[in-house]
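Peer 1: Sharing a structure with you now.
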Amino acid sequence: SAVISQKPSRDICQRGTSLTIQCQVDSQVTMMFWYRQQPGQSLTLIATANQGSEATYESGFVIDKFPISRPNLTFSTLTVSNMSPEDSSIYLCSVERETQYFGPGTRLLVL
Amino acid sequence: GQQVMQIPQYQHVQEGEDFTTYCNSSTTLSNIQWYKQRPGGHPVFLIQLVKSGEVKKQKRLTFQFGEAKKNSSLHITATQTTDVGTYFCAGEAGGSEKLVFGKGTKLTVNP
């Protein structure tokens, strides 16, 4: 199993600002994943964060909007840049250890 | 790209009734996973199916993986109020470590 924590758990932000979300895992993992879950919707993969290399982004997501850091094997950050109300979502990090384990999520509301 | 369809989107049942959600992938899967997300919570792993035609049971939950490894189902016998939540299937295609989630089935159970 894996124990994952995320900070902040929720935030309300003004449009045009940026928010950095932190994800901490209790043990080393090779890959960490960042998902977005819009209200009442399914999970959409934003990017895969690899330690020591650039993150791999999915179609429709770009580094300028969602820069990711992965400084070590237990930690990653996702920044939501220049936010608009459309970015209001739950952002979840996850790790794979035979199956995927999800963090508790960060609930973001952009006004 | 790979798509995973899930039906129904919503299901309302009386406590004690059975419930089934179906998942269908546009491509052959190496495995399929099922997750449950309680209201306000994050997805929690339920089970992974790997073999063609596989059937697994967890108490009142029965999971099946189709012979062609493109479809799956989750059946709950005699639902209880604790079964409330959204059930997601997620498929992993061969050679990819990415999970593609279905849109989920939101289950409500009337006591």
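Peer 1: For residues in region A:48-106 being part of a loop (DSSP other than H, G, I, E, B) and acidic (Asp, Glu), which is surrounded by the fewest Cβ atoms within 10 Å (Cβ to Cβ)? Quick ask: steps written out before the conclusion?
Peer 2: Let us first name the residues in region A:48-106 that are part of a loop (DSSP other than H, G, I, E, B), namely A:51-55, A:58-67, A:73-74, A:81-84, A:88, A:98, A:103-105.
From what's left, acidic (Asp, Glu): A:54, A:58, A:64, A:98.
On the way: A:Glu54: 11, A:Glu58: 16, A:Asp64: 7, A:Glu98: 9.
My answer is A:Asp64.
Peer 1: Report, ordered by the first and then the second residue, all pairs with beta carbons closer than 6 Å, sequence separation of six or more or different chains, a first member in region B:86-111 that is of a type in the set (Gly, Ala, Ser), and a second member that is part of a loop (DSSP other than H, G, I, E, B) and surrounded by 14 or more Cβ atoms within 10 Å (Cβ to Cβ).
Peer 2: Matching pairs, first to second residue: B:Ala93/B:Gln2; B:Ala93/B:Thr27; B:Gly104/A:Ser42.
Peer 1: Select from region A:22-47 the residues that are among the polar types (S, T, N, Q) and part of a loop (DSSP other than H, G, I, E, B) and write down the one among them that is nearest to the other protein chains (Cβ to nearest Cβ). Break it down stepwise before answering.
Peer 2: Filtering region A:22-47 down to residues among the polar types (S, T, N, Q) leaves A:22, A:24, A:27-28, A:30, A:37-38, A:41-42, A:44.
Keeping just the survivors that are part of a loop (DSSP other than H, G, I, E, B) gives A:27-28, A:30, A:38, A:41-42.
Numbers: A:Ser27: 17, A:Gln28: 17, A:Thr30: 10, A:Gln38: 11, A:Gln41: 7, A:Ser42: 5 Å.
Once the filter is applied, the top-ranked residue is A:Ser42.
Peer 1: Ok, one more. For region A:91-111, which residues satisfy the criterion of being more than 7 Å from every other protein chain (Cβ to nearest Cβ) and aliphatic (A, V, I, L, M)?
Peer 2: Passing the criteria: A:Val95, A:Leu108, A:Leu109, A:Val110, A:Leu111.
Peer 1: Restricting to region A:60-111, and then to whatever is in contact (Cβ under 8 Å) with a residue 60 or more places away in the chain and basic (Lys, Arg), can you tell me which residue is farthest from A:Val29 (Cα to Cα)?
Peer 2: First, pick out the residues of region A:60-111 that are in contact (Cβ under 8 Å) with a residue 60 or more places away in the chain: A:79-85, A:91-97, A:100-111.
Now narrow it down to the ones that are basic (Lys, Arg): A:97, A:107.
On the way: A:Arg97: 8, A:Arg107: 24 Å.
Within region A:60-111, the match that is farthest from A:Val29 (Cα to Cα) is A:Arg107.
Peer 1: Continuing with this model, one more query. Going through region B:65-111 one residue at a time, which ones are farther than 21 Å from A:Gln100 by Cβ and among the acidic types (Asp, Glu)?
Peer 2: Selection gives B:Glu67, B:Asp83.
Peer 1: So which residues in region B:70-111 are within 14 Å of another protein chain (Cβ to nearest Cβ) and outside any strand (DSSP E or B), if there are any at all?
Peer 2: Those that are within 14 Å of another protein chain (Cβ to nearest Cβ) and outside any strand (DSSP E or B): B:Ser96, B:Glu97, B:Lys98, B:Gly102, B:Lys103, B:Gly104.
Peer 1: Could you give every pair whose Cβ atoms fall below 6 Å, whose first residue belongs to region B:19-42 and is outside any strand (DSSP E or B), and whose second residue is of a type in the set (Lys, Arg), counting only separations of at least 6 or pairs across chains?
Peer 2: Every condition considered, the pairs that remain are B:Thr28/B:Lys69; B:Thr28/B:Lys70.
Peer 1: On to the next question. Working only within region A:48-68, note down all residues that are more than 14 Å from chain B (Cβ to nearest Cβ) and at pLDDT 95 or above. First the steps, then the outcome.
Peer 2: Within region A:48-68, the first condition is being more than 14 Å from chain B (Cβ to nearest Cβ), and the residues that meet it are A:51-54, A:62-68.
A:Val62, A:Ile63, A:Asp64, A:Lys65, A:Phe66, A:Pro67, A:Ile68, listed by residue number.
Peer 1: Across region A:23-47, which residue is nearest to the chain's Cα centre (by Cα) among those that are over 16 Å from B:His42 (Cβ atoms) and surrounded by 15 or more Cβ atoms within 10 Å (Cβ to Cβ)?
Peer 2: A:Ala47
The values are calculated or read from the model by the stated rules, or taken from the named source; none is laboratory data. Because the structure is predicted, anything quoted here is derived from the model rather than measured. Positions of Cβ are generated from backbone atoms using ideal geometry, with glycine treated the same way; all protein chains shown enter the neighbour counts.
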